[in-house]
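Trainee: Sharing a structure here in structure tokens format.
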Amino acid sequence: MKYVLVTGGVVSGLGKGVTASSIGVVLKACGLRVTSIKIDPYLNTDAGTMSPFEHGEVFVLDDGGEVDLDLGNYERFLDVTLTRDNNITTGKIYQSVLEKERRGDYLGKTVQVVPHITDAIKNWIEAVAVIPVDGQEGPADVCVIELGGTVGDIESMPFIEALRQLSFSVGKKTKPTQHSVRELRALGLTPHLLACRSAQPLLESTKEKLSQFCHVPAGNILNIHDVPNIWHVPLLLKNQNAHHSILKQLNLLDLAAPPALQDWTRMAETFDNLTESVRIALVGKYVDLADSYLSVVKALLHACIACSLKPSIDWIAASDLEEDSAKLTPGAHATAWETLRNAACVLVPGGFGDRGVRGMILAAKYARENSVPFLGICLGMQISVIEFARSVLGLESANSTEFDDQTPNPVVIFMPEGSRTHMGSTMRLGSRRTLFQTPDCITSKLYHNSESVEERHRHRYEVNPEVIGTLEEAGLKFVGKDYSGRRMEILELPNHPFYVGVQFHPEFKSRPGRPSPLFLGLVLAARGQLEAYLDRHQNGT
């Protein structure tokens, strides 16, 4: 196994994840099999309980792992299926060591950071690196490791030491880094390449200065400058012969072919040349931080490009749509409603807590009553059920027990198997199968008339199975259910251009060139092209 380590400089968040993903794309294009590991030095066991405002979205894997959003980048760029163990945290490492200590595995020895924590880190990396993630048998050729945070953080020290030791046990590896070369050297790691982030392309004189200061050959100084879209980053690396430098360092030149990135180039350039756009209203809780909905944004991008469109996302804070906002912040209220009315479609994504719920309900009602294409995801689906129960069934107090545990009309309830005492890893997580109840529905047709579909979940509340009959009699159809038939997965509103709610998160499995069927359906419906698309595919054309 060969390793590529991507570390950061003095500032976090400057694109290590995209750089690591792009390195993987270029190596994969050379015919190598690639896997990825993200190291997060925080003490949390996983990202599951972390605030989207602080950390961005929680990405969910097939196995139910709640992980850092960079693993979403890895999956989308490399088209792989990772596991929860591909995200290493300080919390996981210490937990595993302490469990061994309690079992007596250390035979009474004093348990210390060196060697026990560092050994646990090395063992974890070497064990996960050989797990195939691309659907083939046997280990990958290269494992790209991204070390989160910044060089010099006290939290990162055990990982730096473990990686230093690993470099001796496995031989050379390469370390594209942004800054802090001296700090790295002081900690025993010598970078072979520098990946320098900048707004404009670096001057050759700047590269020469960096080369002299950092003792890195000028040819190994890579410039990740601003580009029209992130799909250009692998092309930047290729054009600077990064693959050759990395392959040479890893002694893999004889195994690798020239990078075949024709399809990737076509995809990046297609996006650059799009002129028409579609306006999408995204009504959510966390709109102040776009990374909170990163996978949703990427899924919209994939779907729009498949329709030769640029996504124009209008971010609407759900609370700005509420009546209280009209009194407290009338300008924001008026702008939010004008934005909603000018959108070609509406998307209400997932979330937790009651903030903004009334605004989401108003957005769902607007879309339902005005025949505007609507997609509700997880909480968004539950919102559409609450709105329908209130507006159509006349149950004004209909609600979710998440927002009102005393509601006399609980149309959304806490799942029986959930934990009310522990938050971490206690939701219904990961890939689950949904069975279509009828082939005569939009969703089934978008999934190419499959009898079932497997998508990723992350929720602890569900539509109350006791009210399904009443809702369906009034016109809301639940066209997808789990294997038991009691857990609602997909709803549709007949005689509406596109009104779909799903309990799962289709955005997590969307890929460039292979968009999520539901996001594709939303965009097609927004352009008035859904019916023609379904007719073509029903007829096999």
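The values are calculated or read from the model by the stated rules, or taken from the named source; none is laboratory data. Just so you know, these numbers come straight off a predicted model, no measurement behind them. FYI the Cβ positions are ideal-geometry reconstructions off the backbone, even for glycines, and counts take in every protein chain you see. Keep in mind that these areas ignore ligands, DNA and RNA; they rest on the heavy atoms of the full protein, side chains included. Shrake-Rupley method; radii C 1.70, N 1.55, O 1.52, S 1.80 Å.
Trainee: Give the Rg/Rh ratio for segment 344-475, taking Rg as the radius of gyration of the Cα atoms and Rh as the Kirkwood radius, to two decimals.
Mentor: 0.96
Trainee: Oh, and also: Over all alpha-carbon pairs in segment 327-395, figure out the percentage whose distance exceeds 18 Å.
Mentor: 38 percent
Trainee: When the Kirkwood hydrodynamic radius is evaluated over all pairs of different C-alpha atoms of segment 1-150, what value in angstrom, to one decimal, is obtained?
Mentor: Kirkwood radius, segment 1-150: 16.1 Å.
Trainee: Counting DSSP beta bridges with both partners in the chain, what percentage is antiparallel, nearest 5?
Mentor: 35 percent
Trainee: For Ile37, Ile442, give me the order by solvent-accessible area with a 1.4 Å probe, most accessible first, ignoring ligands, DNA and RNA.
Mentor: Ile442, Ile37
Trainee: Pull up the cross-link candidates among the lysines for Lys100, meaning alpha carbon to alpha carbon under 21 Å and not fewer than 8 places away within one chain.
Mentor: Straight-distance partners of Lys100: Lys92, Lys109, Lys122.
Trainee: Same structure again: Tell me which lysines have Cα within less than 24 Å of Lys298's Cα, excluding those fewer than 8 residues away on the same chain?
Mentor: Lys16, Lys28, Lys38, Lys238, Lys285, Lys310, Lys445, Lys509
Trainee: Also, I was wondering about something else. How tilted is helix 379-391 with respect to the longest principal axis of the chain? Cα atoms for both, answer in degrees (0 to 90, nearest 10).
Mentor: Taking the Cα atoms of the chain, the angle to 379-391 is about 10 degrees.
Trainee: Helix 357-369 versus the longest principal axis of the chain: what angle, 0 to 90°, nearest 10, using Cα atoms?
Mentor: Taking Cα atoms only, the helix is inclined about 60 degrees.
Trainee: Sticking with this structure for a sec: How big is the accessible area of Arg33 in square angstrom, nearest 10, if you roll a 1.4 angstrom probe over the protein chains?
Mentor: 40 Å²
Trainee: Kirkwood-based Rg over Rh for segment 178-323 (C-alpha set), two decimals?
Mentor: On the Cα set of segment 178-323, Rg over Rh gives 1.09.
Trainee: Separate question: Angle between the Cα long axis of helix 16-29 and the longest principal axis of the chain, 0 to 90 degrees, nearest 10?
Mentor: 80 degrees
Trainee: Could you tell me the center-to-center distance, by alpha carbons, between segment 35-70 and segment 327-343 in angstrom?
Mentor: Cα centroid to Cα centroid, the span is 34 Å.
Trainee: Using the Kirkwood radius over Cα pairs, work out the Stokes-Einstein diffusion coefficient for the chain at 20 °C and 1.002 mPa s, in µm²/s as a whole number.
Mentor: Result for D is 86 µm²/s.
Trainee: Show that you can apply the helix-only estimate: for the chain, add -39,500 (n - 2.57) for every DSSP H stretch of four or more residues, divide by all residues, and state [θ] at 222 nm to the nearest 500.
Mentor: -10500 deg cm²/dmol
Trainee: How do the peptides 512-519, 291-298, 19-26 rank, highest first, by the average count of neighbouring beta carbon atoms within 10 Å per residue?
Mentor: 19-26, 291-298, 512-519
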